[in-house]
Protein chains: 2
Amino acid sequence: MRPYSHALEKLRAAGLRPTRQRLALAKLLFEGEDRHITAESLHGEALDNNIRVSLATVYNALHQFTDSGLLREIVVDASRSYFDTNTSDHHHFFFEHNGELMDIPGENMLVCDVPEPPAGMTINRVDVVVRVRQAA
Amino acid sequence: MRPYSHALEKLRAAGLRPTRQRLALAKLLFEGEDRHITAESLHGEALDNNIRVSLATVYNALHQFTDSGLLREIVVDASRSYFDTNTSDHHHFFFEHNGELMDIPGENMLVCDVPEPPAGMTINRVDVVVRVRQAA
DNA sequence: GTGTTTGCAAAGTGTTTGCAATTTA
DNA sequence: TAAATTGCAAACACTTTGCAAACAC
């Protein structure tokens with residue numbers, strides 16, 4: 001079990017003022033299992049927990065958390081932005097029928113022979129998305 | 001060099017009526033090197049070539065071409081849809097500073113030990129995106 | 001002729017922004 | 001109290017849709 005102040009520590013470490021809204025969102029995000037969320041899903045969850053926070057503030061917080069390394073953005077769907085509380089090196093299953101993501105631990109899958117990028121470029125990240133659907 | 005009628009053959013094979021707009025777009029897309037495009041970029045290119053076509057029709061055509069296997073959609077950026085005329089199995093470099101894509105031939109890079117998907121699911125596709133940026 | 005396709009403009013969706021009011025330190 | 005943050009509503013970018021006019025077969 002993580003300590004009650006985990007969310008607060010995360011905000012402090014990121015240099016973000018622990019406002020009521022940011023602290024409440026950080027608790028939802030970081031005081032449990034790792035998770036995948038969208039702005040809408042986190043906003044809905046906040047409302048369900050009687051946390052008054054606007055959608056704009058959720059967007060702001062997600063970007064601030066991402067910029068400071070607390071979250072990682074995952075691009076799997078052209079119409080929505082996903083965020084992952086697990087910022088370590090790993091990849092994903094993407095379930096196309098319901099839009100859900102599932103982690104694939106880093107050691108279980110490797111990308112071999114990643115080619116050199118063109119001159120003057122460096123690799124920022126290698127993302128693997130395994131798109132799955134219901135078997136016929 | 002590909003024959004002049006390549007675009008027409010592609011449309012026929014896909015069972016799409018070769019209208020003036022579809023034929024013109026297919027020529028831009030399929031009578032040259034493989035390429036990566038967005039709806040806006042293809043629309044702009046059509047206008048530059050004095051092809052009168054609306055943006056809505058470009059969107060329609062891109063989806064029809066994708067549904068019939070002439071194009072492949074690539075998800076690398078949450079705010080835009082990209083399409084690739086190369087429908088064979090391969091992966092991509094994505095240049096974050098300008099939004100461009102570059103193919104990585106399939107044989108040059110492999111994903112090892114792709115895990116079994118959860119029960120009842122089958123793998124639809126494995127996408128690898130190597131995100132690169134300008135070296136410091 | 002008959003069904004398909006197009007273009008337009010309006011609507012839709014997810015996201016961002018400007019700014020006054022509020023909150024934090 | 002000074003600076004940062006919030007909430008709202010408007011603005012945005014990209015994409016989709018409804019429908020009458022134009023087109024393909």
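Give the average, rounded to an integer, of partner chain Cβ atoms located within 10 angstrom of each Cβ in A:75-81.
The per-residue average across the peptide is 4.
Quick one: what does P(r) look like for region B:88-132 with 5 Å bins over all Cα pairs, in whole %?
For region B:88-132, the binned pair fractions read 5, 18, 23, 19, 16, 11, 6, 2 percent.
State the answer as a single residue: which of B:His97, A:Leu101, A:Leu47 lies farthest towards the positive end of the charge dipole of the protein assembly as shown, with beta carbon charges of +1 for Lys and Arg and -1 for Asp and Glu, about the Cα centre.
A:Leu47
As a test of understanding, state the convex hull volume per residue of region B:44-121 from its alpha carbons, in Å³.
Given the Cα convex hull of region B:44-121, per-residue volume reads 161 Å³.
For labels at B:Ser88 and B:Asp113 in the simple 7 Å Cα→Cβ model, what's the distance in nm?
Here the modelled spin labels are 2.9 nm apart.
Could you list B:Met121, B:Met102 in order of exposure, starting from the residue whose Cβ has the fewest other Cβ atoms within 10 Å?
Ascending Cβ contact count within 10 Å gives the list B:Met102, B:Met121.
By the gyration tensor of its Cα atoms, with a ≥ b ≥ c the square roots of the eigenvalues, what is the shape of region B:5-82: rounded for a/c under 1.5, prolate for a/b over b/c, or oblate?
Because a/c hits 1.5 or more and a/b fails to exceed b/c, region B:5-82 counts as oblate.
Report, for B:Gly15, each distance to the same residue's label point in the other copies, shortest first and in nm; define the point 7 Å along Cα→Cβ.
5.8
Report the full-extension gain for the segment B:Thr66 to B:Glu9: residue separation times 0.36 nm, less the Cα-Cα distance, to one decimal in nm.
18.9 nm
Restricting to DSSP loop positions (anything but H, G, I, E, B) with no more than 15 other Cβ atoms inside 10 Å of their own Cβ, which GluC sites (Glu not before Pro) remain in region A:79-136?
A:Glu96
List, shortest first and in nm to one decimal, how far the label point of A:Met102 (7 Å from Cα along Cα→Cβ) is from its counterparts in the other copies.
Nearest to farthest, the other copies are at 3.6 nm.
Compute the normalised compactness of the protein assembly as shown: alpha-carbon radius of gyration over 2.2 N^0.38 Å, N being the residue count.
Normalised Rg, Cα atoms only: 1.17.
Counting only other chains, and only Cβ atoms inside 10 Å, what mean value do you get across the residues of A:103-114?
Neighbouring Cβ atoms belonging to other protein chains average 4 per residue here.
Order by neighbour count: A:Asp113, B:Asp84, B:Asp34, fewest other Cβ atoms within 10 Å first, most last.
Listing A:Asp113, B:Asp84, B:Asp34 from fewest to most nearby Cβ atoms yields A:Asp113, B:Asp34, B:Asp84.
Of the residues A:Val75, A:Val53, A:Val111, which exhibits the maximal mean-square fluctuation in a Gaussian network model of chain A defined by a 10 Å Cα contact cut-off?
Largest GNM mean-square fluctuation: A:Val111.
When the expected Rg is taken as 2.2 N^0.38 Å, what fraction or multiple of it is the alpha-carbon Rg of chain B?
Output field value: 1.17.
Take every Cα pair under 8 Å in region B:88-132 that's 6+ residues apart, average their separations, divide by the length, and report that relative contact order as a whole percent.
Relative CO of region B:88-132 lands at 50 percent.
What is the order of B:His92, B:His63, fewest Cβ neighbours within 10 Å to most?
Result, fewest neighbours first: B:His63, B:His92.
Here, each number is a calculation from the coordinates, and none is a lab measurement. Predicted, not measured: the structure shown is a model, and the values here were computed from it. FYI the Cβ positions are ideal-geometry reconstructions off the backbone, even for glycines, and counts take in every protein chain you see.
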